[in-house]
1. Would you please list the contacts, defined by Cβ atoms under 6 Å and residues six or more apart or on different chains, that run from a residue in segment A:206-217 that is farther than 11 Å from A:Ala238 by Cβ to a residue that is within 13 Å of RNA strand B (Cβ to nearest atom) and not in a loop (DSSP other than H, G, I, E, B)?
2. Restricting attention to segment A:37-85, which residues are free of Cβ contacts under 8 Å to residues at least 12 places away in the same chain, in a loop (DSSP other than H, G, I, E, B) and of a type outside the set (Asp, Glu)?
3. So A:Leu217 clears everything in (1) out of contact with any strand residue (DSSP E or B) (no Cβ under 8 Å at 6 or more places or on another chain); (2) surrounded by fewer than 20 Cβ atoms within 10 Å (Cβ to Cβ); (3) modelled with pLDDT of 95 or more except one condition, right? Which one?
4. Of all residues in segment A:240-280, count the ones that are assigned to a strand (DSSP E or B) and crowded, with 23+ Cβ neighbours inside 10 Å.
5. Could you tell me which numbered condition A:Val387 fails, if it satisfies all but one of (1) modelled with pLDDT of 95 or more; (2) in a loop (DSSP other than H, G, I, E, B)?
6. Residues being in contact with a strand residue (DSSP E or B) (Cβ under 8 Å, 6 or more places away or on another chain), outside any strand (DSSP E or B) and more than 8 Å from RNA strand B (Cβ to nearest atom): count how many of those fall in segment A:149-160.
7. Which residue, of A:Leu337, A:Leu378, is more than 13 Å from RNA strand B (Cβ to nearest atom), surrounded by 17 or more Cβ atoms within 10 Å (Cβ to Cβ) and farther than 30 Å from A:Phe237 by Cα?
8. Of A:Val476, A:Val450, which residue is more than 15 Å from A:Lys397 (Cα to Cα), more than 9 Å from RNA strand B (Cβ to nearest atom), modelled with pLDDT of 95 or more and not charged (D, E, K, R)?
Amino acid sequence: MSNIRVRYPPSPTGEPHLGNIRTALFNWLFAKNNKGKFILRVEDTDRNRLVEGAMESQLEALKWLGIDWDEGPDIGGAYKPYTQSERLDIYKKISDRLIQDGFAYKCYCSQERLAQMREGYKKTQSIVGYDRKCRNINSLELGEINNEKSYVVRFKTPLEGKIIFNDLVRGQVEFENIRLDDFVILKSDGFPTYHLANVIDDYYMKITHVMRAEEWLSSTPKHIHIYNSMNWEIPEFAHLPIILAPDKSKLSKRHGATSILEYRRLGYLPNAMVNFLAKLGWSLDGETEKIETSELISNFSLKKVSKSGAIFDIDKLNWLNGVYIRGLTADELTFELLDYWKIFPSLELPVNIDYDLLKRIVPLISERIKTLNDAGPLISYFFSDTVKYKKEQILQKGLNFSDVNIILEKLYSEVIAIDDFESNVIETNLRNFVSESNYKTGQVLGILRVIYTGLDVAPPLFESMEILGKKHCVSVISRAIDNMKSS
RNA sequence: GGCGCGUUCGUCUAGUGGCCUAGGACACCGCUCUCUCAAGGCGGAGAUCACGGGUUCGAAUCCCGUACGCGCUACCA
């Protein structure tokens, strides 16, 4: 057991975003690879954006994917609490200490003044950021202002010098201090900003590697300043590439599903999802596409993480999910489907489906579906006595309706004569029938396909007939004959 | 505007100075199999390695510049 500790700190402000989950996955893989700990923390310091039930969704998403945590809000741990809103006293204490030591100061500027200040910047196009009005406020003025006025605490960023650090993904990065403004560390409602809370928690929770999205790269020097002023050891940083939409912008709702839970609903398998997400921004060797989670863990390395953002390619996900579905045994796929329909019932199917029946059907569709959601429409004919189809569907290439009538009549006596109603017997009989007739295979079997399935594109015929059973198959033909006559 | 990061087939990527007339995968196209659709097999098209300069006997790989994209520049994370 190494002492490597990483963390995933979601904010309960909405559904678990694909990009965040990918970040969680990389952290988790890194922890597992190093035999370290993966810690879950709730960053709920923005009281305005809290969403009811959001944290539950976050946990649900991780559980679904099999990403487990060693410490967290629900299971506790040596460094609890793991929810920031329960750690307010710690943030206040550090904030006071920073003020006392001259690293931070109270700022009484109103929101209005700050807004005006920014307006002014816009016109002159000069440096943006806080103008440091309260930075050097003297004690007399401070006394006048008094305690009754609300304030924020700002960090007193050094005016010269620079911060240089080594990012595990990007290498050495430099920022000049003068470009940083005096950022807020404690808000007027007493809650810390991300910058403060994140540093304090990472320190107290003994986080060794901070792996987060690329958008944090620019604020890393702020964090380093806080570490330095507290004389705390600075963790390693790794800024991960972002997941992009097909138009190269940040993946957002207008591009379709962004919540990982949405992909569960759409019928993707968790293993496939993990595999796909892992390969978005990381690669094993440029050859291997399907990598099991255990393999992912043993091979994961930050050195192989790419620097540039990756576009989320739904086509490739569909393909990979298909690969995973095809890799399942009949038993496994049957379970997966049943579980899936339990949560997301299929409109095309009855509520209770018999396990054994489904298990017989599954081999017919496993290589025809890309997602679990594809299965319903493809197999509904097994669960309905009267399948609907349009008359034109029956009309196979090169046939007219009287041909169809003739064929159906002959087929009736042919099918009713099959004693051993098993797919290869059915196949032999029907193929013999076709070769002795003047019709083509596709024409005859096409008619059967339509009357049995109602589909133009369907699972294999003979196997379907076997499962449907002789009685059903015979009566469907006779009903088809009646239908032809009546219209 | 400033600062930072990035840039190899449409997409994900391999590639760390000679094995690269750039490899794999998805998507696409063709053939094959065939009761339809898939899956599978075979094959094809697709990248002057963003651009321009260097360094070197030799550069996708090292250096400099430019362009473009993205991010940050909140009492959001």
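The values are calculated or read from the model by the stated rules, or taken from the named source; none is laboratory data. Predicted, not measured: the structure shown is a model, and the values here were computed from it. Positions of Cβ are backbone-derived with ideal geometry, glycine not excepted, and every protein chain shown enters the neighbour counts.
1. Short answer, once both residue conditions are applied: A:Ile207/A:Arg7.
2. Going through segment A:37-85, the residues free of Cβ contacts under 8 Å to residues at least 12 places away in the same chain turn out to be A:48, A:52-53, A:56, A:63, A:75-76, A:78, A:80-81.
Still in the list and also in a loop (DSSP other than H, G, I, E, B): A:48, A:52-53, A:75, A:78, A:80-81.
Passing the criteria: A:Asn48, A:Gly53, A:Ile75, A:Ala78, A:Lys80, A:Pro81.
3. The one condition A:Leu217 does not meet is (1).
4. 2
5. A:Val387 satisfies every listed condition except (1).
6. 1
7. On the way: A:Leu378 fails: more than 13 Å from RNA strand B (Cβ to nearest atom).
Of A:Leu337, A:Leu378, the one residue that is more than 13 Å from RNA strand B (Cβ to nearest atom), surrounded by 17 or more Cβ atoms within 10 Å (Cβ to Cβ) and farther than 30 Å from A:Phe237 by Cα is A:Leu337.
8. Details: A:Val450 fails: more than 15 Å from A:Lys397 (Cα to Cα).
One residue alone meets the criteria, A:Val476.
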